[in-house]
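Starting off with a structure, shown below.
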Amino acid sequence: MTKVKAGLIQMSLKGDTDMSPGEIRERMIEAHLPLIDEAGRQGVQVLCMQEVFTQPYFCPSQDKKWYAATEKVPDGPTVRLMQEYARKHSMVIVAPIYEEEIPGLYYNTAAVIDADGRYLGKYRKTHIPQVAGFWEKFFFRPGNSGWPVFETAYCKLGVYICYDRHFPEGWRALALNGAEYIVNPSATVAGLSQYLWELEQPAAAAANGVFIGAINRVGVEAPWNIGTFYGSSYIVNPRGQIEAQASPDKDELLVHEMDMDQVREIRELWQFFRDRRPETYGILVADGALRRAAAAE
């Protein structure tokens, strides 16, 4: 039986949004480090933090101030520090940060670091929302990293970020590329879509025969007050069953041991991959004009 111990960290904003991005980064990292060390003491093998974990969720604003929150990946200070902690605890770390490729070209990115501290690569958020209160296209370019799956010391790991979770295609692409465990670092508030939090990702886990770790921040972030980040981070198994879940309102390290043999067991039982018909799915990637032309023939 192959077991992997996963850890998820959910956290409220430390400091306030009147501070500089650099000051907030220092406070957020200072708050995370004791929980990262605690994860190490508990034997966590794969750890993930929330979306843009060193900053507030600044996308309700359209303030250029937050461009100063960007860092290089992997050569910025946060990734270098996480490499040290990965080596210290022999722990895979997924660090979601605001990435600068070049000045003016920014991505919502997660760096993946192996248990020996080696930087394995990055995933850039693919789907970028642009609706009231979530002006993400002001800050992030749509990702261009494809669907990488990282061969870590403990499992084959994929990353999907926040709004991505509403799009089933990416979950399937990651699973087809070999992912056994997919993390989804998020920043999502109570309201219209809250019920989807415990619907979409369990459905994706079942449809693709994978474990999923869903991470959300907690609390209210002034002055924007777009709603309450409701935490409730969880780990769901390949049957779509939530096996462990954090509180809705506290800073928390959630630790749970996953039985990775379930991935093979469920895929061989349900055979969703065998019974796929990709040759019939062209309409899923055709644009509207092509669909209308095909319908007219």
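The values are calculated or read from the model by the stated rules, or taken from the named source; none is laboratory data. Here the structure is a predicted model, which means the values were calculated and not measured. Reconstructed Cβ throughout: ideal geometry from the backbone, glycine too, with neighbour counts over all protein chains shown.
I'd like the full set of residues that are outside any helix (DSSP H, G or I) and under 22 Å from LYS5 (Cβ atoms), limited to the stretch 189-209. Walk me through how you get there before you give the answer.
Initially, the stretch 189-209 is screened for residues outside any helix (DSSP H, G or I), giving 189-193, 199, 209.
Listed by number, the list holds a single entry, GLY209.
Taking the stretch 1-42 as the region of interest, how many residues are closer than 19 Å to LEU254 by Cβ, free of Cβ contacts under 8 Å to residues at least 60 places away in the same chain and not charged (D, E, K, R)?
Of the residues in that region, 6 qualify.
Of the conditions (1) crowded, with 19+ Cβ neighbours inside 10 Å; (2) free of Cβ contacts under 8 Å to residues at least 24 places away in the same chain, TRP197 clears all except one; give me its number.
It fails just one condition, (2).
Only residues that are touching a helix residue (DSSP H, G or I) at 6+ places or on another chain (Cβ under 9 Å) and surrounded by 16 or more Cβ atoms within 10 Å (Cβ to Cβ): list them for the stretch 240-266, please.
Scanning the stretch 240-266 gives GLY240, ILE242, GLN245, ASP251, GLU252, LEU253, VAL255, ILE266.
So which residues in the stretch 132-176 are assigned to a strand (DSSP E or B) and either in contact with a Leu (Cβ under 9 Å, 6 or more places away or on another chain) or among the aromatic types (Phe, Trp, Tyr) (or both)?
Going residue by residue through the stretch 132-176, those that are assigned to a strand (DSSP E or B) are 134-135, 149-151, 156-159.
Listed by number, the residues that qualify are PHE134, TRP135, VAL149, PHE150, GLU151, LEU157, GLY158, VAL159.
Continuing with this model, one more query. Would the stretch 167-190 turn up any residue that is of a type in the set (D, E, K, R), buried (at least 22 other Cβ atoms within 10 Å of the Cβ) and either on the phi < 0 side of the Ramachandran plot or over 16 Å from the mean Cα position of the chain (by Cα) (or both)?
Initially, the stretch 167-190 is screened for residues of a type in the set (D, E, K, R), giving 169, 172, 180.
With buried (at least 22 other Cβ atoms within 10 Å of the Cβ) added as a condition, the list becomes 180.
Adding the requirement that they be either on the phi < 0 side of the Ramachandran plot or over 16 Å from the mean Cα position of the chain (by Cα) (or both) leaves 180.
For the stretch 167-190, residues of a type in the set (D, E, K, R), buried (at least 22 other Cβ atoms within 10 Å of the Cβ) and either on the phi < 0 side of the Ramachandran plot or over 16 Å from the mean Cα position of the chain (by Cα) (or both): present.
Next up: Could you please find all residues in the stretch 113-146 being farther than 16 Å from PRO96 by Cβ, of a type in the set (Phe, Trp, Tyr) and at pLDDT 95 or above?
Passing the criteria: TRP135, PHE138.
In addition: Restricting the first residue to the stretch 53-78 and requiring it to be closer than 18 Å to VAL220 by Cβ, which pairs with a second residue that is among the small types (Gly, Ala, Ser) and modelled with pLDDT of 95 or more meet a Cβ separation below 6 Å and a spacing of at least six or different chains?
Here the result reads GLN55/ALA69; TYR57/ALA187, each pair linking the stretch 53-78 to a residue that is among the small types (Gly, Ala, Ser) and modelled with pLDDT of 95 or more.
Would you kindly identify the strands (runs of 3 or more DSSP E) lying entirely within the stretch 1-118 that contain at least 1 residues that are small (Gly, Ala, Ser), farther than 22 Å from GLY143 by Cβ and out of contact with any Gly (no Cβ under 8 Å at 6 or more places or on another chain)? Steps first, please.
On the way: elements: 3-10, 46-48, 92-102, 105-113.
Where strands (runs of 3 or more DSSP E) fall fully within the stretch 1-118 and carry at least 1 residues being small (Gly, Ala, Ser), farther than 22 Å from GLY143 by Cβ and out of contact with any Gly (no Cβ under 8 Å at 6 or more places or on another chain), they are 3-10.
Show the residue pairs meeting these rules: Cβ distance below 6 Å; 6+ apart or different chains; first residue within the stretch 147-175 and more than 21 Å from ILE97 (Cα to Cα); second residue modelled with pLDDT under 95.
Short answer, once both residue conditions are applied: none.
Here is a yes/no grid of residues against (1) surrounded by 15 or more Cβ atoms within 10 Å (Cβ to Cβ); (2) more than 13 Å from the chain's Cα centre (by Cα); (3) under 14 Å from TYR107 (Cα atoms):
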position	(1), (2), (3)
LEU120	yes, yes, no
HIS127	yes, no, yes
GLU136	yes, yes, yes
PHE140	yes, yes, yes
